[in-house]
Amino acid sequence: MAAQIYLKLAVPGPLRRHFVYLPPIESTQTQWLPGQRLRVSFGNRELIAILVEVLDHCDLPGKQLKPALQVLDDKALLPPDLMDLCAWAAKYYQCPPGEVYSTALPALLRQGELATLKGEPFWRLSTEGKGIPENGLRQAPKQAAALNILREHSSLSPRALKDSGVGTASLKSLEQKGLIERFEHIADSSLTRYTRESAMAESALQLNDEQQLAFDAISYDIYQTYLLEGITGSGKTEVYLQAIGEVLAANKQALVLIPEIGLTPQTLGRFQRRFNVPIAALHSGLNDKERLQAWLQAACGHARIIIGTRSAIFTAMPNPGIIIVDEEHDTSFKQQDGFRYSARDLAAVRASHHRIPLILGTATPSLESLNNAIGKRYEHLQLKKRAANAKAPSVKLLDIRGQKLIQGYAPELIEAIRQELTAKNQVLVFLNRRGFAPTLMCHDCGWQALCPHCDTRLTVHQQPRRLHCHHCDYQRHQPKQCQACFSHELQALGLGTERSEEDLQTLFPSVRVLRIDRDTTRRKNAMNNLVAEINTGQPCILVGTQMLAKGHHFPDVTLVAIIDADGGLFSADFRGPERMGQLITQVAGRAGRASKQGQVLLQSHHIDHPMIQSLMHEGYHRFARHLLRERQVANMPPFCYLALVKAEAVDGRLATDFLSQARSIAEALYPCNAQLQYLGPLPSIMERRGGRFRFQLQINAANRGLLRALLEPLSLQLEKLPAGRKVRWAIDVDPQDMS
Ligand code: ADP
Ligand code: ZN
Ligand code: ZN
C-alpha cells in the first residue's frame with residue numbers, strides 16, 4: 001500500500017494559514033502537483049482550493065482530516081514560478097494565501113471552470129464532400145467554388161472563406177447537404193518559432209540617439225530594472241516595441257502592464273500593427289469567458305505578447321522574456337482593497353525570479369522609482385527630447401489673484417482659446433472634478449449639502465439633476481429650499497466638468513465642446529466614439545478630468561488649459577504634491593504632440609508657491625528631486641517603509657479600541673526605537689465614509705525586513721483578537737492612499 005500523503009491547500013477565506021486535506025476518496029491520482037485546483041468542503045460550503053504542497057506527514061490526528069472532494073486539473077494550473085510569486089506576495093502583503101490565489105486566477109478558474117482552451121469555428125469538407133468530383137454541383141456554381149476552395153485548403157475560418165468570396169448562404173446550403181462540416185480549430189502556435197523577420201508586421205522606426213542609447217542599454221539575459229524616464233512624446237513606446245522585438249526573436253514572451261484606463265484601442269492597435277504574433281489583451285472590457293481564454297493563450301505559450309492591467313502580473317507564461325510597466329507611477333497598479341498588492345513591485349520580484357529585464361517607463365517617475373534610479377539600484381535611461389519633430393510645449397502661469405474671472409476663467413485664457421480655435425486647432429481644458437459643482441450652499445445662512453454617511457460635501461450634478469456623493473455613491477434629489485432656513489437662495493458653488501462644458505459652449509457657441517469624464521464614458525464604446533470624433537481633427541474644445549491625461553495621442557490639440565491646480569498643494573496626503581506634479585505634467589504633455597507647436601496655460605491663486613514654480617519652470621524631474629529631499633528630511637517613503645493597520649466601524653470607539661490593542665501587541669513584539677515607530681490610532685483623512693468611522697495605526701520602519709518581521713506575528717495575533725470581529729480591519733503594506 002502506498003504511504004498516506006497529505007495535501008496542504010490554500011483555501012479562499014480570511015485566515016492567514018493553509019489547510020490540510022486528504023486526497024479525494026477513491027482518487028486514482030498518482031501525481032500531485034502544486035498549482036492544481038481541488039474542490040473541497042469547508043464548513044458548510046464547497047470551495048475551490050489550490051494545492052500548495054504535498055506532505056508526507058501531518059501532525060493532526062488522521063480523524064480530524066477531511067478528504068478533498070475532487071481534483072479539477074490534471075496538470076498544474078499555476079506553474080511553479082507563479083506559485084512562488086503568490087507565496088511571496090502573501091507573506092509580503094500579509095494577505096491570506098487563499099485570497100492571493102483568488103486574485104491571481106481569472107474569475108472562471110476561481111469558480112472551478114475547466115481550463116480548456118476554446119478554438120474558433122472552422123470549416124472543412126465532410127467525408128461525403130470529399131467524394132464529390134471537382135465538376136460536381138454544376139447547378140450551384142457558388143457552392144461548387146466554395147467546395148473547391150476547401151479542397152485546396154484542408155480547413156478555413158469563416159473570415160478566410162469570406163475573404164475568398166464565399167458567402168454564409170453557400171456555407172449553410174453545403175452544410176445542409178452534408179458536404180461540409182464545422183469543427184473547432186485551436187489556433188495554438190505555442191511551438192511556432194518566430195524569427196526577427198517573421199515576428200514583424202511593419203518595420204521598426206529608426207531610433208533617435210537617445211532612444212538608441214536606451215535600447216542598447218537593455219540586457220536580455222539577466223535581471224535588471226530600467227527606469228525609462230522620457231518626457232511625453234519622447235518615444236518610450238517605440239523603445240518598448242523594439243525591446244519586445246528582441247524578445248520575440250528569442251522565442252520568448254513579453255508582458256506589458258498598463259494603467260486601468262490606458263489600454264485604449266490606439267495602444268493595442270500599435271502593438272498589433274507592429275507584430276505578427278498572437279497578442280492577448282487582458283483588460284476590464286473583457287467578459288469572464290474572454291478573460292479566461294486570453295489567460296489560457298498566454299499560459300500555453302500561444303500568445304507571445306500579453307498586454308493587461310494590474311492583475312495581468314499574475315498571467316502564467318511558460319517563457320517570459322521581458323516585463324514592461326508603462327506609466328509606472330500610476331496609482332492603479334496598487335490594489336486598494338482585499339489583496340493590496342502593487343503590480344509594479346511584483347513585476348520586479350517576477351523579473352528577478354526569471355532573470356529577465358523589467359522596464360518601468362514614465363514621464364513622471366514615482367519618487368520610489370526615481371530614488372532607486374538615483375541610488376543605482378535601477379539603471380536610469382532618459383529621453384529628454386520629443387521624438388519625431390514635435391517640440392516641447394511652452395508653459396505660462398496665469399496669476400488669477402484679484403482678477404475678474406469670466407465663469408471661472410482668466411480673460412487671457414479665454415482669449416488664448418479663441419485664438420487656437422480660430423486657427424482651426426483643438427483645445428483641452430483640464431479640470432479634475434466631475435459633476436456640475438462641488439458644493440450646494442445656502443446664500444442666506446451658509447448651510448451646505450453634506451453626505452449623511454461621509455465627511456464630505458455632495459456634488460451637484462445637472463445631467464441628470466441630483467446631489468451625489470462621490471465616495472459612497474449616496475444620491476438624492478436637489479432640494480429647492482435650504483434644509484436649515486428654508487430659503488430658496490441655493491447656489492451651486494465652484495466649477496465641475498459639467499458646468500465647464502455648459503459655460504464654454506455659451507462662450508464659444510459655434511464649436512463642439514466634448515466632455516470626457518467618468519459620467520460621459522460609462523457606456524461601452526462611448527470613449528472610442530469620443531476619441532474618433534476628436535481624431536477627425538475638427539476644431540473643438542475637450543473638457544475633462546484626469547481621464548484625458550492618460551495614454552491618448554491627440555495630434556491636433558495645441559493648447560492645454562489647466563483650470564485648477566491648487567488642490568494638490570494643500571492635500572493632507574503626503575503624496576499630494578507628487579500626484580499633483582504627475583497629473584499636471586501628464587496633462588500638459590497632451591499639448592503639441594504632432595507637428596504643431598503646443599502651449600500650456602495654468603491658472604492659479606498660488607503661482608508663487610515654490611512647488612508650482614519648480615514644476616513649471618524646472619520640469620518634473622527637478623521638482624521630484626526637491627520632493628525627495630523633503631521626504632528625506634521628514635523620514636517618509638522612500639526613505640522609510642510604511643504599513644497601515646486600518647480599522648473602521650459604525651461605532652468609532654470599536655475601531656480605536658481594536659487599534660489600541662494592535663499597538664500594544666506590536667510594541668510587545670518590537671518596542672518603539674530609532675528603526676521602528678508607531679503613530680496612532682489616528683482618524684483617517686476622511687474620518688467617516690459610507691457610515692463608518694475610520695482610523696489607522698501607522699507603522700514606519702527603517703527597512704523592509706524589520707517591517708515584515710513585525711507584521712507577520714502581528715497579523716496572526718490580530719486575527720485572534722476578539723475586538724477584531726466587531727470591526728472591518730486590514731493591513732496595507734506600502735500604502736499609496738493615506739485617506
Ligand atoms: P511616448 O510613449 O514617450 O509618449 P511615443 O512612443 O508614443 O512616445 O512617440 C511619440 C510619437 O513619436 C509617435 O507618433 C511615434 O510614432 C513617434 N516616434 C517615436 N519614435 C520615433 C522615431 N525614432 N522616429 C520618428 N518618429 C518617432
Ligand atoms: Zn439657509
Ligand atoms: Zn457619502
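Coordinate-derived values only; no laboratory data. Just so it is clear, the structure is predicted and the values come from calculations on it, not from any experiment. Glycine also receives a Cβ, built like all others from the backbone with ideal geometry; neighbour counts cover every protein chain displayed.
Remarks
- Sorted into 10 angstrom bins from 0, the C-alpha pair distances of the range 251-350 split as 16, 51, 31, 2 percent.
- Pairs of Cα atoms farther than 23 Å apart, the range 1-132, %: 39 percent
- From the largest down, the range 10-80 spans 28, 26, 20 angstrom on the principal axes of its Cα atoms.
- Those lysines that a straight Cα-Cα span of less than 21 Å connects to Lys289, excepting residues fewer than 8 apart in one chain: Lys75, Lys118, Lys524
- When all alpha carbon pairs of the range 61-121 are counted in 10 Å bins from zero, the resulting P(r) reads 17, 39, 33, 9, 2, 0 %.
- Cys residues of the chain that find no other Cys beta carbon under 4.7 Å: Cys58, Cys86, Cys95, Cys300, Cys472, Cys540, Cys640, Cys672.
- Neighbours of Glu152, meaning other residues whose beta-carbon lies under 15 angstrom from its beta-carbon, give a summed charge of +1 when Lys and Arg score +1 and Asp and Glu score -1.
- Taking only the Cα atoms of the range 661-739, the radius of gyration and Dmax are 12.9, 37 Å.
- Using a cut-off of 25 Å between Cα atoms, the listed pairs Lys334/Lys550; Lys334/Lys646; Lys91/Lys646; Lys252/Lys550 include Lys252/Lys550 as exceeding that distance.
- Derived from the Cα gyration tensor, the three semi-axes of the equivalent ellipsoid of the range 504-589 are 25, 15, 13 Å, largest first.
- Expressed as a whole percent, the proportion of Cα-Cα pairs in the range 209-388 lying more than 19 Å apart is 54%.
- The string of couplings for the range 347-352 from the Karplus curve (6.51, -1.76, 1.60, θ = phi - 60°) is 4, 5, 4, 5, 4, 6 Hz, one whole number per residue in order, with x for Gly and Pro.
- Euclidean distance of C-alpha centroids, the range 277-339 and the range 556-577, integer Å: 31 Å
- Extent along principal axes [Cα atoms of the range 423-570; Å; largest to smallest]: 51, 32, 30
- Globularity index of the range 596-702, i.e. its alpha-carbon radius of gyration over 2.2 N^0.38 Å: 1.52
- For Ile516, the residues whose amide H sits under 5 Å from its own are Val543, Gly544, Thr545, ignoring neighbours fewer than 5 places away on the same chain, with H placed 1.01 Å from N.
- Spatial offset of the range 199-262 relative to the range 446-475 amounts to 45 Å, using the alpha carbon center of each.
- Remark: the chain carries a charge dipole of roughly 840 debye about the Cα centre, counting +1 on each Lys and Arg Cβ and -1 on each Asp and Glu Cβ.
- Column: log10 I(q)/I(0), Debye, Cα scatterers of the range 363-512, q = 0.13, 0.14, 0.18, 0.19 Å⁻¹: -0.85, -0.91, -1.09, -1.14
- In the distance distribution for the chain, Cα-Cα pairs more than 42 Å apart total 40 percent.
- Look at where the Cα atoms of the range 704-739 and of the range 133-156 average out, and the two centres are 69 Å apart.
- Shape summary: the range 546-666 maps onto an equivalent ellipsoid whose semi-axes, from the alpha-carbon gyration tensor, are 38, 18, 13 Å in decreasing order.
- Around the amide H of Asn432, modelled in the peptide plane, lie the amide H atoms of Asp564, all under 5 Å away and 5 or more residues distant in sequence or on another chain.
- Taken one residue at a time, the phi angles of the range 216-223 give Karplus couplings (6.51, -1.76, 1.60, θ = phi - 60°) of 5, 6, 7, 9, 9, 10, 9, 7 Hz. Gly and Pro are set to x.
- Separation in nanometres of the label points that stand 7 Å from Cα toward Cβ, at Asp399 and Gln505: 3.6 nm
- Cβ crowding within 10 Å averaged over residues, with 465-472, 124-131 ranked highest first: 465-472, 124-131
- Phi-based couplings in Hz for the range 472-489 (Karplus 6.51, -1.76, 1.60; Gly and Pro marked x): 10, 6, 4, 9, 8, 5, 6, x, 8, 10, 4, 7, 9, 10, 6, 5, 8, 7
- Hypothetical label at Lys720: residues of the range 54-74 whose amide nitrogen lies under 20 Å (7 Å Cα-Cβ projection): 59-61
- Geometric descriptor of the range 483-628, per residue, is 172 Å³ (volume of the convex hull of the Cα atoms).
- Dipole of the chain, positive direction: furthest Cα of Ala89, Ala662, Leu428, with charges on the beta-carbon: Leu428
- Extension reserve of the Ile5-Ala532 stretch, reckoned as 0.36 nm per residue once the Cα distance is removed: 183.7 nm
- Since only Pro133, Pro80, Ser155 are under comparison, the one whose Cα sits farthest along the positive direction of the charge dipole of the chain, derived from C-beta charges on Lys, Arg, Asp and Glu, is Pro133.
- Modelled FRET efficiency - R0 41 Å, Ser27 with Asp337, Cβ distances, 0.05 increments: 0.65
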